[in-house]
1. With labels modelled as points extended 7 Å from the Cα through the Cβ direction, what inter-label distance (nm, one decimal) is found for Arg13 paired with Ser106?
2. If the cut-off is 19 Å between C-alpha atoms, which aspartates and glutamates fall inside it for Lys100, apart from same-chain ones fewer than 8 positions away?
3. Apply 1/(1 + (r/R0)^6) to the Cβ-Cβ distance of Asn80 and Ser45, taking R0 = 25 Å, and write down the FRET efficiency to the nearest 0.05.
4. Explain nothing, just compute: Karplus ³J(HN,Hα) = 6.51 cos²θ - 1.76 cosθ + 1.60, θ = phi - 60°, for every residue of region 105-119 in order, whole Hz, x for Gly and Pro.
5. Measure nothing fancy, just the Cα-based angle from helix 89-103's long axis to the longest principal axis of the chain, in degrees from 0 to 90, nearest 10.
6. Which residue, chosen from Tyr102, Gly23, Met87, occupies the Cα position most advanced towards the positive end of the dipole of the chain, where the dipole is computed from +1 (Lys, Arg) and -1 (Asp, Glu) charges on Cβ about the Cα centre?
7. Do the sum for the chain: with -39,500 (n - 2.57) for every DSSP H run of n ≥ 4, divided by all residues, what is the mean residue ellipticity at 222 nm, to the nearest 500 deg cm²/dmol?
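Just so you know, all these numbers are worked out from the coordinates, no wet-lab data involved. Note that this is a predicted model, so its numbers are computed, not measured. Here Cβ is always computed from backbone atoms with ideal geometry, including for glycine, and neighbour counts include all displayed protein chains.
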Amino acid sequence: MLTFDSVNYTADRYGPDSIGYFGPDHNASILDDLQLSRVAPKPTSVFSGVSRTSAKWSRTVNLLDDFAVTPTAVLIMQVNSSIPVGMDSAELALYIARFKAYVALSSFNTLVADSKITY
């Protein structure tokens with residue numbers, strides 16, 4: 001089980017490089033899903049490669065009648081990372097903290113909610 005924002009997600013699908021979770025509202029007509037995945041580095045003779053990860057949250061949402069043709073649609077929020085092999089873990093922790101700080105800003109909310117880029 002994975003819990004965030006006081007919501008429990010239960011592991012449902014397992015793969016060698018992924019795991020899928022269902023949220024409490026998931027059923028035949030409502031999607032409430034969290035997918036975590038990774039891709040192992042593919043080193044070459046000149047580069048050690050990168051580790052790729054993804055967290056994708058999908059959720060059926062109701063749409064406003066005035067703007068929508070259908071009553072529901074799927075909201076998707078996804079974060080992808082590409083981390084070079086050999087990167088210092090303290091430096092990586094710093095950049096994760098900076099990214100989290102950006103996501104907390106109103107300009108990120110404006111980007112996602114209003115599709116506007118602020119300068």
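1. 3.9
2. Within reach: Asp5, Asp88, Glu91.
3. Between Asn80 and Ser45 the formula returns 0.45.
4. With the stated coefficients, region 105-119 comes to 6, 5, 5, 5, 4, 5, 4, 6, 6, 10, 6, 10, 9, 9, 9 Hz.
5. Approximately 20 degrees, to the nearest 10.
6. So the residue furthest toward the plus end is Met87.
7. On the way: 2 runs with 24 residues, N = 119.
Calculated mean residue ellipticity at 222 nm is -6500 deg cm²/dmol.
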